[in-house]
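Here is the structure we will look at, set down as structure tokens.
The values are calculated or read from the model by the stated rules, or taken from the named source; none is laboratory data. Values in this document were obtained by computation on a predicted structure and should not be read as measured data. No Cβ is skipped: glycine too gets one built from the backbone with ideal geometry, and neighbour counts run over all protein chains shown.
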Amino acid sequence: MSGTTKEYRDRRDFRKTAEPAGDGGGGSGGDPIWVIHEHDASSRHFDFRLEVGGVLKSWAVPKGPSTDPADKRLALATEDHPMGYADFEGVIPEGEYGAGPVIVWDRGTYANLAEDDEGDPVPMADQVANGHVTIRLEGGCKLAGGYALTRMDNREEEMWLLVKMDDAEADARRNPVSTEPESVLSGRTIEQIAEQEG
Ligand code: MN
């Protein structure tokens, strides 16, 4: 699976939106990154993005990520985004695709947790293609530890579930989606971004 951001570019008018027009041509160079945007579009959601093959594979998570392994959060696969999107924060203008404010809610690097029968890592692109992704989030401010993304059987292909793995970082008492609303880039909430830049 080679990454392409053609669908991303086709959906946007870069004369109107401040979102990056990058072609997805390069990875981050070091450990692969993850980023979660909070996005108040037609409905509010969190966009979970993973660097795979030089692009950001993306899922829209309506309820946002949980730190409780008992929660299964619906995650709708969306178009690959360019690597430059990891730093994007601002307001997508009215009339444009995804119009509304966006903040960088959390981000860091990740480790691939999936191994084949020989103990070798399963390439991330294969995990995405196979509909089962297991990673360990590192370096974030709000989320940490193992997460699994699993495509639902007998459903529309774009429906996945995002679930916290039951590890040392699992915590059913936390709810960072509501208790930690600030951007990890700017410290601003999505409401403040909307007021200041909308
Ligand atoms: Mn979104």
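Tell me, please, whether a residue that is in a loop (DSSP other than H, G, I, E, B), in contact with a strand residue (DSSP E or B) (Cβ under 8 Å, 6 or more places away or on another chain), without any contact (Cβ under 8 Å) to a residue 60 or more places away in the chain and among the aliphatic types (A, V, I, L, M) can be found in the range 136-151.
Yes, the range 136-151 contains a residue that is in a loop (DSSP other than H, G, I, E, B), in contact with a strand residue (DSSP E or B) (Cβ under 8 Å, 6 or more places away or on another chain), without any contact (Cβ under 8 Å) to a residue 60 or more places away in the chain and among the aliphatic types (A, V, I, L, M).
Answer with yes or no whether residue 75 is within 16 Å of the ligand (Cβ to nearest atom) and surrounded by fewer than 22 Cβ atoms within 10 Å (Cβ to Cβ).
Here the answer is no, as residue 75 does not meet what is asked.
Would you mind telling me which numbered condition in (1) over 30 Å from residue 13 (Cα atoms); (2) without any contact (Cβ under 8 Å) to a residue 12 or more places away in the chain; (3) among the charged types (D, E, K, R) residue 94 fails?
(1)
I need the full set of residues from the range 169-193 which are surrounded by fewer than 17 Cβ atoms within 10 Å (Cβ to Cβ) and of a type in the set (Gly, Ala, Ser), in order please.
172, 178, 186, 187 - these are the residues of the range 169-193 that are surrounded by fewer than 17 Cβ atoms within 10 Å (Cβ to Cβ) and of a type in the set (Gly, Ala, Ser).
Rundown of residues vs (1) surrounded by 13 or more Cβ atoms within 10 Å (Cβ to Cβ); (2) within 18 Å of the chain's Cα centre (by Cα); (3) among the aromatic types (Phe, Trp, Tyr), yes/no style:
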residue	(1), (2), (3)
93	yes, no, no
97	yes, yes, yes
101	yes, yes, no
108	yes, yes, no
116	no, no, no
127	yes, yes, no
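Here's a check for you: in the range 42-72, which residue that is more than 10 Å from the ligand (Cβ to nearest atom) and among the polar types (S, T, N, Q) is surrounded by the fewest Cβ atoms within 10 Å (Cβ to Cβ)?
Going through the qualifying residues, I end up with 67.
Against the definition (at pLDDT below 95, surrounded by 17 or more Cβ atoms within 10 Å (Cβ to Cβ) and under 21 Å from residue 193 (Cα atoms)), how does residue 89 come out, yes or no?
no
List every residue pair whose Cβ atoms lie under 7 Å apart, where the two residues are 6 or more positions apart in sequence or sit on different chains, the first residue falls within the range 44-71 and is without any contact (Cβ under 8 Å) to a residue 40 or more places away in the chain, and the second residue, located anywhere, is charged (D, E, K, R).
Here the result reads 49/57; 56/49; 56/80; 58/47; 58/49; 58/79; 58/80; 60/47, each pair linking the range 44-71 to a residue that is charged (D, E, K, R).
What's the total number of residues in the range 59-84 that are more than 24 Å from residue 167 (Cα to Cα), assigned to a strand (DSSP E or B) and not hydrophobic (A, V, I, L, M, F, W, C)?
Of the residues in that region, 5 qualify.
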